[in-house]
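The values are calculated or read from the model by the stated rules, or taken from the named source; none is laboratory data. Every value quoted in this text rests on a predicted model; they were computed, and no experiment measured them. Reconstructed Cβ throughout: ideal geometry from the backbone, glycine too, with neighbour counts over all protein chains shown.
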Amino acid sequence: MDINLDDLSAAQQAALRRLAKQLTTRLPIAFVFCFALQRYEVRYANCFAPDKLNKQWFHAAILLVYNEHEQYPLQDIHHIANSVEMGEHQYVAVAMTYTEAMQQLANGDAFVGTVFQCGALLHSRANTLPQRRMFVCHETLLKQTREGWRRWFNNSCQFMDCACYCLMEDKFSMAVFMLHQTVEQACKAMLKVMLYIRPSTHNLAWMLKLCGTIAPEITSIFPRDTPEDKTLFNLLKSSYMDSRYAAGFEVNENEAWTLYHRTSTLLRIAGELCNKRIAELEVLVGESVN
């Protein structure tokens, strides 16, 4: 399905193009595509005033193709690409080098080919796009998707088992570290199956935001709307380092169990969504689905 920016209001379209322009001032960019778009509209009302205020915003996922002479490590590139302030709007950017993107196009990569084919072009250094070739070998795509799914989701489930053991032993800080690993591996499994990508990052907020472009319900699993929820999510994020190296890192029983149940919800969504996608690929190659 093509991404149509006309679905946004004029002000929202302008905000998205301002984002692309700001990114080009931070990095030497060849292309910027929007490949996922979620629109939201909220109407505010109360019993003392007429229902008159509408608020609209969007969440966008973009592919950023930058020139490889940039010396920043990929992790820093991702940070720079995702650090533009957009106010009420939100976005997440996938970044790759120009050489990698062109090679992916030549090889018929499913994700890059689809983005170049169906994404909304926000910026182009040249006047023409390179030749695109869509992924046509469904057997290869199914094989690679299965391998990625089994690897990352199996890892996720094993970390979840470890988290459960730590909870039973009242090792709450280590349990949360295991939950961090569970969420990270589950997100990588989902991105591999659904977008054919594997992000090279440990940034849970970034991966969850990108996964949220696939399954909007994921955004409500780890909310950050209240101080309590922000504290919980920060515990999960910081556990990656602090559970191992910070002597003062502590997690109480209630916090650990709350994060455990939220992580369980993420695993269920990832399992249902990705197994459905793999079943669709099996149909494409004519395999029987058990």
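Tabulated values for the structure
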item: Complete set of residues in the stretch 75-107 that are in contact (Cβ under 8 Å) with a residue 60 or more places away in the chain and farther than 29 Å from Arg39 by Cα; result: Tyr98
item: Considering residues of the stretch 199-230 that are assigned to a helix (DSSP H, G or I) and among the basic types (Lys, Arg) only, the residue farthest from His79 (Cα to Cα); result: Lys230
item: Single condition Met174 does not satisfy, out of (1) touching a residue at least 12 places away in the same chain (Cβ under 8 Å); (2) surrounded by fewer than 19 Cβ atoms within 10 Å (Cβ to Cβ); result: (2)
item: Boolean, Asn254 is surrounded by fewer than 12 Cβ atoms within 10 Å (Cβ to Cβ), assigned to a helix (DSSP H, G or I) and at pLDDT 90 or above; result: yes
item: Residue list for the stretch 62-74, restricted to those being in contact (Cβ under 8 Å) with a residue 40 or more places away in the chain and either under 17 Å from Leu210 (Cα atoms) or under 19 Å from the mean Cα position of the chain (by Cα) (or both); result: Ile62, Leu63, Leu64, Leu74
item: Among (1) in a loop (DSSP other than H, G, I, E, B); (2) aliphatic (A, V, I, L, M); (3) surrounded by 14 or more Cβ atoms within 10 Å (Cβ to Cβ) - the single one Ala247 does not satisfy; result: (3)
item: Extreme residue, nearest to Phe177 (Cα to Cα), among residues of the stretch 227-244 that are basic (Lys, Arg) and either exposed (fewer than 13 other Cβ atoms within 10 Å of the Cβ) or out of contact with any helix residue (DSSP H, G or I) (no Cβ under 8 Å at 6 or more places or on another chain) (or both); result: Arg244
